[in-house]
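The next block holds one structure in the form of structure tokens; read it before the comments.
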Amino acid sequence: MKSERNFIMPKVELNLEDDELKELLLGDRDKAMQSIMTKILDEILKSEATEQIKAKAYERSDERTNSRQGYRVRQLTTRVGSLELHVPKLRHGNFSTQLFKRYQRSEQAFDLALMEMVIQGVSTRKVAEITKKLCGTTFSKSTVSALCNNLDDQVLDFNRRPLTQKYAFVYADAILFKVHRGHVVTSNSLLVAIGIDPSGRREVLGFDIGDSESKAAWMDFFSELKQRGLTNVDMFVSDAHCGLKDAITTQFQGSLWQRCQFHFSNDCTSILALKDRKEVANRLKDLFRRIVE
């Protein structure tokens with residue numbers, strides 16, 4: 001018969017067999033830690049059930065308020081791997097536990113990390129390989145894709161929220177990037193508007209993906225911002241792109257326009273020799289600062 005070592009925790013008793021200790025000290029530590037963590041968390045769940053029922057399993061007690069009715073299996077992804085836990089079920093009502101609240105934050109952070117990898121261009125296949133190496137759990141390509149699809153609703157909610165504040169200044173710009181669709185790479189533009197309220201606080205008002213920086217694309221973008229409540233903008237700041245300027249003039253008549261100092265400086269220094277660019281850029285910065293003062 002195998003001997004056991006007992007480790008006493010508050011209201012929880014954990015029994016480890018010799019084989020588990022040997023595995024932890026000499027063998028596959030990850031596998032051993034998964035086994036130990038599963039035992040610990042299962043015992044905590046049992047202890048919580050005892051506290052709620054006011055009686056241990058099969059115990060006769062005048063204080064008993066409920067009775068156990070088996071358990072359900074729940075998978076929990078942790079730093080030591082995926083654990084299969086046995087969550088108690090009660091005959092009357094639902095079992096309540098604080099255990100998963102802490103790990104839920106970790107699971108959410110893990111999901112966000114997976115989505116961030118995909119957003120940064122890592123393929124879903126490579127993401128699945130990385131998760132296997134990190135925590136011993138394999139996430140299929142379809143699972144990773146499904147997680148990323150959950151972002152769609154959040155993006156829609158963000159881009160549909162009402163714009164109720166007054167924004168004195170609005171910065172508008174487009175970011176060019178490549179998009180992989182199947183085996184084809186296409187160029188797209190991310191149209192972005194950033195508003196500044198009277199207190200100086202900056203806020204991303206909205207963004208959209210267009211095929212180009214054309215006037216039509218900016219017109220549609222600004223039209224949506226107006227429908228959400230953007231109005232009475234004192235000044236727009238952008239580069240000198242004709243399509244963007246024309247769209248601002250058409251959609252926001254009466255608003256002033258100023259060329260972005262950053263884009264202006266880049267345009268000026270781009271035609272200079274490399275050895276002169278830094279000096280000219282610093283002189284332009286000093287000039288802009290003097291104008292403000």
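The values are calculated or read from the model by the stated rules, or taken from the named source; none is laboratory data. Quick caveat, the model's predicted, so the values are computed rather than measured. Here the Cβ is made from the backbone with ideal geometry for all residues, glycine too, and neighbour counts use every protein chain on show.
Quick notes on this structure:
- Within segment 201-215, restricting attention to residues that are assigned to a strand (DSSP E or B) and in contact with a helix residue (DSSP H, G or I) (Cβ under 9 Å, 6 or more places away or on another chain), the residue that is farthest from Ser255 (Cα to Cα) is Gly210.
Conditions (1) outside any helix (DSSP H, G or I); (2) exposed (fewer than 11 other Cβ atoms within 10 Å of the Cβ), marked per residue:
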residue	(1), (2)
Val237	yes, no
Ala240	yes, no
Gln253	yes, yes
Gln258	yes, no
Arg277	no, no
Val280	no, no
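So that you can scan it fast, the table gives a plain yes or no per residue for (1) among the aromatic types (Phe, Trp, Tyr); (2) farther than 30 Å from Arg202 by Cβ; (3) at pLDDT below 70:
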site	(1), (2), (3)
Lys89	no, yes, no
Leu112	no, no, yes
Glu116	no, no, no
Lys132	no, yes, yes
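- Any hit, segment 187-200, residues being over 27 Å from the mean Cα position of the chain (by Cα) and in a loop (DSSP other than H, G, I, E, B): yes
- Some residue of segment 211-220 being small (Gly, Ala, Ser) and either within 18 Å of Gln165 (Cβ to Cβ) or exposed (fewer than 11 other Cβ atoms within 10 Å of the Cβ) (or both): no
- Filtered by the rule that a residue be part of a loop (DSSP other than H, G, I, E, B) and either surrounded by 12 or more Cβ atoms within 10 Å (Cβ to Cβ) or at pLDDT below 75 (or both), segment 62-87 gives Arg64, Thr65, Asn66, Ser67, Arg79, Val80.
- Number of positions in segment 8-57 that are in a loop (DSSP other than H, G, I, E, B) and either closer than 14 Å to Pro88 by Cα or at pLDDT 75 or above (or both): 4
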